[in-house]
Amino acid sequence: MTEVVERMKGKRVVRPIVYGNTATSFGYKRESDQHTHQWTVFLRTFNAEDPTKFIRKVQFKLHDSYANSTRVVEKPPYEVVETGWGEFEIQIRIYFIDPNEKPITAFHYLRLFQPLVTMPNGKQQVIAEYFDEIIFQEPT
Ligand SMILES: O=C(Nc1ccc(C(=O)N2CC(c3nccs3)C2)s1)[C@@H]1CCCN1
């Protein structure tokens, strides 16, 4: 019983995150490469703390047809700005400062067409974002 209690002890640290993408339409198909949208895929922490205190780097794995399809971002903002014509799954992998914490992976399906939001300036963009929490079980 003591052993179980020992394992259960320790501090639980919850770190809220938001990940997803925004996208805006060019309003036309670009002659040079048929691209129609600019988009930004991102990972954001959700409090005032400096994310570099616990995040070492964030890796965004785009579709293989993109040049350098594995994009590594070492400091905030953890985002990739690109252009394209379609929607596909992006793997977001978070690497931590603590060597004992394994990287974690989130999957985000890039959205170019909805949900469409009209900004205060009247411009429209797609915003597709998801809230989650990273939970660290700090040993005592
Ligand atoms: O759309 C889809 N897959 C996509 C993969 C990559 C896309 C894209 O936008 N781009 C590749 C990049 C390049 N342009 C020029 C050279 S590489 C711009 S779209 C699927 C198909 C059905 C539903 N979704």
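The values are calculated or read from the model by the stated rules, or taken from the named source; none is laboratory data. Note that the structure is predicted; figures quoted are calculated from it, not measured. When we count neighbours, we look across all protein chains shown, and the Cβ atoms used for this are built from the backbone with ideal geometry, even at glycine. These accessible areas exclude ligands, DNA and RNA; they are computed on the full protein's heavy atoms, side chains included. Shrake-Rupley method; radii C 1.70, N 1.55, O 1.52, S 1.80 Å.
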* Asked: Expressed in nm², what is the orientationally averaged projection area of the convex hull enclosing the Cα positions of the chain?
  -> 10.9 nm²
* **Peptide ranges 95-101, 116-122 listed from the most packed, as the mean C-beta count within 10 angstrom indicates** => 95-101, 116-122
* Structure fact -> Length-normalised contact order of segment 1-134, Cα under 8 Å, at least 6 apart, in percent, tallies to 30 percent
* **Estimated 222 nm signal from helices in the chain, with DSSP H stretches of n ≥ 4 weighted -39500 (n - 2.57), rounded to 500** => -1000 deg cm²/dmol
* Taking the alpha carbon gyration tensor of segment 5-53, what are the square roots of 5 times its eigenvalues, largest first, to the nearest whole Å? -> 43, 11, 8
* Structure fact -> Candidates Lys53, Lys123, Lys29; GNM for the chain (alpha-carbon contacts under 10 Å) flags as most fluctuating Lys123
* Taking H placed 1.01 Å from N in the peptide plane, check which residues at least 5 places from His35 or on another chain put their amide H under 5 Å from its amide H. => Arg30
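Might you tell me the accessible area per residue for the chain, computed with a 1.4 Å probe and given in Å²? Display every interim value, and only then the final one.
On the way: 9110 Å² over 140 residues.
Normalised by residue count, the accessible surface of the chain is 65 Å².
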* Of the listed pairs Lys53/Lys123; Lys9/Lys102; Lys9/Lys61; Lys29/Lys75; Lys11/Lys57; Lys102/Lys123, which have alpha-carbon separations greater than 31 Å here? => Lys53/Lys123; Lys9/Lys61; Lys29/Lys75; Lys102/Lys123
* Could you tell me which of rounded, prolate or oblate describes segment 24-81, using a ≥ b ≥ c as the square roots of the eigenvalues of the alpha-carbon gyration tensor, with rounded for a/c under 1.5 and, failing that, prolate when a/b is larger than b/c and oblate otherwise? => oblate
* So what's the net charge close to His63: Lys and Arg +1, Asp and Glu -1, counting the other residues with Cβ under 15 Å from its Cβ? -> -2
* Could you run the Karplus curve 6.51 cos²θ - 1.76 cosθ + 1.60 with θ = phi - 60° over segment 35-40 and give me ³J(HN,Hα) per residue in whole Hz, x for Gly and Pro? => 6, 10, 9, 9, 9, 10
